[in-house]
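Please treat every number below as a calculation from the coordinates, not as lab data. Since this is a predicted model, take the numbers as computed values, not measurements. Heads up, the Cβs are rebuilt from the backbone with ideal geometry, glycines too, and the neighbour counts pull from every protein chain shown.
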Amino acid sequence: MRDDEPNRPPRWAAALWGAVSAGAALAMGELTAAFTIPQAAPLIAVGDAAIAISPEPLKRWTIDVFGTADKLALLIGIVVVLGCLAALAGIANDRDRRIGPAAAIALAAIGVAAAVTRPSASAFAAFPSVVAAVIAAALLWAWPRPAAASDDPRGFDRRRFLWRSLTLLGGAAISGAFARSLGTGAAVDEARSQIRLPEPTDPAPDLPGVSDFGVKDLAPWRTPNDDFYRIDTALSVPRLDPETYRLRIFGRVDRELTFSYRDLLKRPLVERDITLCCVSNEVGGGLVGNARWLGVPLADLLEEARVQDGADQLVGRSSDGWTAGTPVELCVDGRDAMLAVGMNGEPLPVDHGFPVRMVVPGLYGYVSATKWLTELELTSFADFDAYWIRRNWALPSPIKTASRIDTPRGSATPGVVAVAGVAWAQHRGIGAVEVRVDDGPWHEAKLSDVSSTDTWRQWLWEWDATPGDHTLTVRATDADGDTQTAKEAPVAPDGATGWHTVNVTVA
Ligand SMILES: Nc1nc2c(c(=O)[nH]1)N[C@H]1C(S)=C(S)[C@@H](COP(=O)(O)O)O[C@H]1N2
Ligand SMILES: [Mo]
C-alpha cells in the first residue's frame with residue numbers, strides 16, 4: 001500500500017490539503033465579492049439559491065429545528081458539505097493531479113450558477129467564484145509539494161505540513177470573516193443614521209384611555225424595534241443606499257412613475273399604529289408585533305400612476321427579487337395601506353426593510369409587507385403568482401382572529417393572579433376576549449383602549465388562583481361578533497386556528 005511507503009504523504013494529508021484548498025479559495029472568493037459585488041459572494045449566493053429551490057417541507061423542517069438560527073445553520077451546513085467534498089477531491093487528487101483542479105472547477109461552477117441566477121445578478125456575478133476556482137485549482141495542482149519537508153516532493157514532514165495547512169486555514173478564516181464584515185455595509189448604516197424623518201402631515205390619532213396595562217411579562221402595546229419579529233428569505237440582509245434608491249411603479253398603469261427616497265420623504269406622510277403578523281405564526285406564537293409606522297399613502301401613488309382596468313394585483317418586489325402580491329382593491333379602499341419609511345420614530349431598521357417597505361393593515365406579511373421594496377408592478381392575479389403563492393400558500397385572505405396568553409406561563413402563587421395577553425383581528429378589530437380556567441365558565445377580560453381596528457389589544461383578567469394544576473384558555477371575538485374557532489388548523493396554507501391554552505401550576 002502506498003500509505004506504507006516511507007515519506008509518502010498519507011491519505012489524511014491529501015484529504016486535509018483538499019479542505020485547505022477549498023477553504024482558501026472560498027475565502028478569496030468572499031473577499032473578491034466584498035470589494036466588487038457583495039451579493040455574488042459564493043457562500044451567500046449558494047445559500048440564497050438553496051433557499052429559493054428547497055421544497056417547502058424542507059424549509060419548514062429547518063425552521064422547526066433551528067428556529068431563527070436557520071440561516072446560520074444553512075451557511076454552516078454549506079461549509080461542512082464543501083469541506084467534505086473537497087477532502088474527497090484531495091484524496092482522489094493524490095492519485096491523479098488532474099482530478100483536483102477538475103473538482104475545483106466543478107464546485108466553483110455551483111457558485112457561478114447560483115450567483116448568476118440570483119434575480120438581481122449580472123454576468124459579472126460569476127467573477128468571485130471564478131477567482132475561487134483558480135485558487136483551488138492552483139493549490140491542488142501543487143500537491144504533494146506543500147506536504148514535502150524539502151523540495152523533494154516524496155519527502156513528508158508531518159509537523160511541517162500540519163503547520164502549513166493550519167496557517168493557510170487560519171488565514172482563510174480570518175480573511176473570510178473580514179470579507180463578511182465588509183459585506184454588512186457599514187456605509188448604509190451610517191447613511192441611515194444621518195436621516196432625519198419629516199414630521200407626519202397626518203399624525204397617528206391620540207390614544208384615548210389606557211393602551212397598555214403595564215403588566216409584567218405582557219407584550220407591550222407597542223413593540224420596540226429590537227424585539228419586533230423578523231421573517232424573510234434573505235440570507236444577507238439587503239443594504240440599499242438611500243442616495244441611489246429608486247422605486248419604480250410600472251406594469252398595467254397609464255403613467256410609469258419613479259421615486260427616489262428623497263421624493264418619497266417630500267410627500268405627505270401618514271403615521272399609523274398597525275399590527276403586523278406572519279401567516280406562519282403558531283397559536284400562541286410570537287411572529288406578531290405592533291409598531292407606529294410613518295409612510296406614504298399607497299392610494300395616492302396608485303392614483304397618480306392611473307391603474308388600468310383589470311389590474312387587480314399589486315406586486316411588491318424587493319431588491320433581492322422576493323415578491324408579494326396584494327389585491328389593489330385593498331390598497332385603495334380607505335385603509336392605511338402605505339409605503340413605510342419610519343418605524344417607531346426612526347428610519348426603518350435594515351432588518352425591517354430599510355429604506356422602504358409596504359404595510360397593509362389586515363393582511364399577512366407574505367401577501368403585503370415587502371421589505372427593501374424597489375418595484376411596484378400592476379398586474380393581475382391570473383397573470384402572476386408571487387413568491388409564497390408559487391409555494392402553495394393561499395392567495396390573500398383576511399387575517400384570522402387570534403388571542404394569546406402572555407402571563408402566567410408555567411407557575412403562579414395562590415391568590416389574585418393577573419392573566420393577560422394580546423388579541424388581534426386587524427382591520428375588523430377585537431370586540432371581546434374571554435378566559436376560562438379548566439372547564440369552568442368563560443370570564444370576560446378587560447380590554448385596553450385602541451384608536452383603530454388595525455392594532456392588537458391587550459386584555460387582562462384577574463384570577464383568584466387556587467392551588468393545583470390548572471389550564472387557562474383564551475378566545476377572542478372580533479368586532480363583527482365572530483368568535484375564534486376552537487378547531488385547530490396548521491399554519492399552512494392560510495394561518496393557524498385554535499384556542500391558546502397554558503398549563504399553570506399554582507403553589
Ligand atoms: N423582501 C422581503 N420582504 C418580506 C419578506 C421576505 O422574505 N422578503 N417576508 C414577508 C413576511 S412572510 C413577513 S411576515 C413580513 C415580516 O416583516 P418583519 O420581518 O419586519 O417583521 O415581511 C414580509 N416581507
Ligand atoms: Mo410571514
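Key figures for this structure:
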quantity: Sorted by Cβ neighbour density within 10 Å, fewest at the top, the residues Phe384, Phe259; calculated: Phe384, Phe259
quantity: Distance between the range 326-347 and the range 467-507 - C-alpha centres, whole angstrom; calculated: 30 Å
quantity: Net lengthening on full extension, Val416/Asp70 (0.36 nm per residue, minus Cα-Cα); calculated: 120.5 nm
quantity: Where the Cα pairs of the range 402-506 fall when distances are cut into 5 Å bins, in %; calculated: 3, 13, 23, 24, 18, 12, 6, 2, 0
quantity: Rg over Rh [alpha-carbon atoms, Kirkwood Rh] for the range 11-181; calculated: 1.01
quantity: Pairwise label distance in nanometres, Val79 with Asp449, each label 7 Å out on the Cα-Cβ vector; calculated: 5.4 nm
quantity: Nearest-ten-degree value, helix 70-95 long axis tilted from longest Cα axis of the chain; calculated: 10 degrees
quantity: Scaled radius of gyration (Cα, divided by 2.2 N^0.38 Å) that the range 225-379 gives; calculated: 0.97
quantity: Long-range amide H partners of Val210 with built H, under 5 Å; calculated: Asp449
quantity: C-alpha long axis of helix 11-35 to longest principal axis of the chain, angle in °; calculated: 50 degrees
quantity: Amide hydrogen neighbours beyond the local backbone of Asp406, cut-off 5 Å, H modeled; calculated: Ala420, Gly421, Val422
quantity: Neighbour-count ranking [beta-carbon atoms within 10 angstrom, fewest first] of Trp456, Trp461; calculated: Trp461, Trp456
quantity: Restraint check, Lys216/Lys371; Lys216/Lys400; Lys371/Lys400; Lys400/Lys446, Cα-Cα greater than 30 Å; calculated: Lys216/Lys371
quantity: Additional length obtainable on full extension of the chain from Ala106 to Asp202, 0.36 nm per residue less Cα span; calculated: 28.8 nm
quantity: Spacing of the two label points (7 Å from each Cα toward its C-beta) at Asp385 and Ala177, in nm; calculated: 4.4 nm
quantity: Principal semi-axes in Å for the chain [√(5λ), Cα gyration tensor, largest first]; calculated: 51, 30, 19
quantity: DSSP-defined antiparallel bridges as percent of all bridges, the range 402-506, nearest 5; calculated: 90 percent
quantity: Length released on extending from Asp241 to Arg160, taking residue separation times 0.36 nm less the Cα-Cα span; calculated: 24.4 nm
quantity: Ranked Asp494, Asp48, Asp226, Asp212, criterion: other C-beta atoms within 10 Å, fewest first; calculated: Asp226, Asp212, Asp494, Asp48
quantity: In nm, spacing of pseudo-spin labels at Ile63 and Glu256 (7 Å Cα→C-beta vector); calculated: 3.5 nm
quantity: Angle between the chain longest axis and helix 99-116 axis [Cα atoms, degrees, rounded to 10]; calculated: 30 degrees
quantity: Computed FRET value (nearest 0.05) for Thr167 with Ala138, which takes r as the C-beta separation and R₀ as 22 Å; calculated: 0.85
